[in-house]
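Input: a single structure, listed below in structure tokens.
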Amino acid sequence: VSPLWLAAWMAVAEAEERRFAVVFGTNRGDASDEPLRYADQDVRRVGDVLVELGGVAPEDLVRLEGATADDVRGVLRRLGERMAASTADRTLLLVYYSGHADALALHLSGTRLPLDELKRLVSSAPADARVLVLDACRTGELTRTRGATQAQPFEIVVSDELAASGLAILTSAAAGEDAQESDRLQGGVFTHHLVSGMRGAADASGDARVTLSEAYQYTYAQTLLTTSDAPMLQHPSFAFDLTGRDDLILTRLDSDSHAGRLRLALEGEYLIFDASGRDLVAELQAEAGTSIVLDAAPYLVRWRTPEHVFEADVEVPDGGLTEVGPEHLRLLPLGQAARRGGEDWHRPALSLVVGGGVMGPVREGLGVMPVARAGLRLDTSFLTFQLGARYGRDGAENGQLTITEDLAGAELGLVRMADVGPISLGAGIVAGVDGVFQRFETPGVAPPRSALTGRLGAVGRFEGAVHPRVSIGVQGGVDAMWSPGEDEVHTEVVPHVALDVGLWVF
Amino acid sequence: MWRSMSACGCSRLGLLLGLAACGDPLVGEQYLGEPMLSFWGTVLVSDGAADTDADADVGVAVVWNPGPGGEQLRPEEKLTTETDFPARYVINLLAPPIPEVMHTLPDGTDNRGSIGLVVVYRDVNGNGRVELADEALLGVAEDIGVIWHEGPEEGAEASPTEPPRGYGVVRRTADQCGGLPPERIQEATEPVDIVMGDICEAVIDPDCNPDTSEWGPICGGGAPPEGPPPPGGPPP
């Protein structure tokens, strides 16, 4: 191994190297392809990280959204001419694609670019090294092409070095697999983790440099994890030419860019959102002390353990370092954690709930009924299930007799909750069955009555957590309540409201 | 999923829960209880009865004979009535008479109870109740009355000759003191036609004791006449 080569590649952002990149993609493939949603977004994300951390000057980056095959051919030809004219000691070409493909060709807005042609175009580019990254269905076929070897992912270690003059190919899925998009990640699964890795999550060595091998290993592991409960597993694959021995540094985390570093003091799984908590910026499995590079901005950092979810609001300063440690993380109430932990966290929260309130009369004139309630509640990522019992008593006196009415019943509620900071709001439906028992005091004749009633209604809920395990909520709504009448089933509209206290048991 | 549940699923669930409604009919605050006596029929007007305007706000009621020592007829308050004058009526008695109108029945036994008259009145204030001081009686059922038998006290052995506790409709005789005991004719299974005659007087001393009996006009309001009743009981 030439020490000169090694030194050259370990200093990727130094003046003698110039990096060129083409990032292209399209949501629209062939007519028979289901349109993608995030391919163009993936293109933007990869382009951004290459400029910010990958040593690619903005003028040397070409982005193509909604690309066609001719667009790609033309761009690669023109970029080849620029590379050939470059006076830099070394040149690197990075080509990234997000979109549809099959075993033979990329599907580009109704046109096709054969994979062999793409590989030939990249291989023949006048660069010292070339990296081709494909996040597309079925692109794993390319890693089986002549001259390349499909690597076993975890057998690739840093010592497996890329040839300085060679070609490396990363694909998002193995042969026969479909690459997948995620609405939660708002992007391709592979690209999402690749970008997170390039921003620092993949820096296993902690040297503030993310090499191609590190990026691949991280992306492979995270993609596999994310798709582990999807209908199909997705195994990214990696192949490289064997003529050289250097490992390529993809990104430098200490690059001089308009970004800051976020250091994650605790080992574990992190989700990093924008300040609103809506857009997922990065998702990573971090070692203790992992740093990632983010645009200077405020963020919401969510740290997950198998049992709990913690959050911290952080500000990443331009060129600075922000640390997130135990003292910054606040434990989320368990009910909120079940919803905010993420779809892949799948940890519901069970709570005991007791409370009391009032409900309208089952029959006209009987007055407001005080009601005691108790039950169980299960918060999941999508719905909150309420299983409860209630008991109430009311009465009336009309001069002729005194009516005493008891009500006891069970109910099942399905509520969709949304969290706004420490407050949770919800809406849903409740169905239940009650036994109603009426007794009378009269000098005349009035036998007691008992009936079974059914009810179905809409509810709204307002809830606040006073402790990670304790919530106080108000739930109200309106039910249609069906009970036997003299001649036919009687329908009564019954409003109700109750205050309750919930204790999460896990 | 949410949208489809709210549309089709909820309607089906509502139908299912509606089918779950079963058992006794539930009642509201207006419920007064089950009638202890319910009778209905047609009001017939005989010669001499007060004019009953078909458009008048007319009601039917039961007034209780106060018994020995009593001074005023006592309207029954715990009842419901329906009238579709000038012909049809329904009376539901919902509770026993008040203790103040209980007395020993004039049937030669020690049986206690109350005897009531069915009256037709002009409901001046429209409250559905007869108020004898203010509202004019238009007539009295001339041969029909209501009787309440107190029955034996709880735990006491019932006499074989004593009617069971409860209400009945009785046929009044013209000479009540001679014709008692009244004949119990109805157990709320047949219509009871009321002949509203010109007998706007009623005995208010059911023990037929000449020393204590008093007569009084009950139609048209006003104070009862002074003095003892004529010998031989009420006029035929």
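Only the coordinates and a few stated rules stand behind these numbers; no lab work does. All values derive from a computational prediction rather than experimental measurement. Ideal geometry is used to build each Cβ from the backbone, glycine not excepted, and the neighbour counts take in all protein chains shown.
Hey, can you grab everything whose amide H is under 5 Å from the amide H of A:Phe20? Only 5+ residues off in sequence or another chain; H modelled, so Pro and N-termini drop out.
Under 5 Å from the amide H of A:Phe20 lie the amide H atoms of A:Leu92, A:Leu93, A:Leu94, each far enough along the sequence or on another chain.
Tell me, B:Met102, B:Met36 in order of fewest to most beta-carbon neighbours within 10 Å?
On the way: B:Met102 16, B:Met36 20.
Fewest-to-most Cβ neighbours within 10 Å comes out as B:Met102, B:Met36.
By counting other Cβ atoms within 10 Å of each Cβ, how are A:Phe238, A:Phe382 ranked from fewest to most?
Fewest-to-most ranking of A:Phe238, A:Phe382: A:Phe382, A:Phe238.
Of A:Leu503, A:Gln438, A:Pro448, whose Cα points farthest to the positive end of the dipole of the stretch A:363-506 (charges on the beta-carbon: +1 Lys, Arg; -1 Asp, Glu; origin at the Cα centre)?
So the residue we want is A:Leu503.
Check B:Glu34: other-chain or 5+ apart residues with amide H under 5 Å from its amide H, H built from backbone geometry?
A:Val445, A:Ala446
Taking amide H positions as placed in the peptide plane 1.01 Å from N, state which residues far from A:Gly277 in sequence (5 or more) or on other chains have amide H under 5 Å from it.
A:Leu300
Find the centroid of the Cα atoms in the stretch A:302-375 and in the stretch A:182-219, then give the distance between the two in whole Å.
Value for the Cα centre distance between the two parts: 31 Å.
Give me the net charge of B:Asn92's neighbourhood, meaning all other residues with Cβ under 13 Å from the Cβ of B:Asn92; Lys, Arg count +1, Asp, Glu -1.
On the way: positive: B:Lys78; negative: B:Glu34, B:Glu76, B:Glu77, B:Glu82.
That sum, taken over residues with Cβ under 13 Å, equals -3.
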